[in-house]
Structures are given as structure tokens and as C-alpha cells.
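Accompanying notes for the structure given below.
The values are calculated or read from the model by the stated rules, or taken from the named source; none is laboratory data. Because the structure is a prediction, the values reported are computed rather than measured. In this analysis, Cβ positions are derived from the backbone assuming ideal geometry, glycine residues included, and neighbour counts consider all displayed protein chains.
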Amino acid sequence: MLNQIPIDFPLLVISILLAATLAAFFSGLFPYPFGFIILGFALIARVLQLRSRA
């Protein structure tokens with residue numbers, strides 16, 4: 001499934017921000033993963049948009 005989805009700039013940025021948020025949470029910098037839900041929904045929405053376009 002993932003090999004059919006082209007990696008574009010917004011998808012890459014959202015993924016990096018989500019990974020950085022989770023890394024900061026697991027390292028103890030944030031008491032709660034700020035933006036985890038929003039970035040997760042943005043990532044899902046972008047992937048669905050790319051799938052519907054193809």
C-alpha cells in the first residue's frame with residue numbers, strides 16, 4: 001500500500017513533526033504529546049487525499 005503513495009512535501013513534513021512530537025514525549029520533554037492527535041489526523045487526511053487522487 002505504501003509503495004503506491006507518492007511521498008510529497010506536506011506528507012514528509014507532517015510525518016517528521018509527528019515523529020519529533022512523539023520523540024519529545026518519550027524522552028520526557030513534554031508531559032503530554034502536544035499535537036499528536038492533530039498531526040495524526042492531518043497525516044491520515046493527507047494519505048487519504050493522495051489515495052483518492054490516484
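Overview of values
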quantity	calculated
Flag for LEU17 being surrounded by 11 or more Cβ atoms within 10 Å (Cβ to Cβ) and at pLDDT 90 or above	yes
Some residue of the stretch 34-47 being surrounded by 12 or more Cβ atoms within 10 Å (Cβ to Cβ), aromatic (Phe, Trp, Tyr) and modelled with pLDDT of 85 or more	yes
Scan of the stretch 1-10 for residues that are at pLDDT below 90 and either on the phi > 0 side of the Ramachandran plot or of a type outside the set (D, E, K, R) (or both), ordered by number	MET1, LEU2, ASN3, GLN4, ILE5, PRO6, ILE7
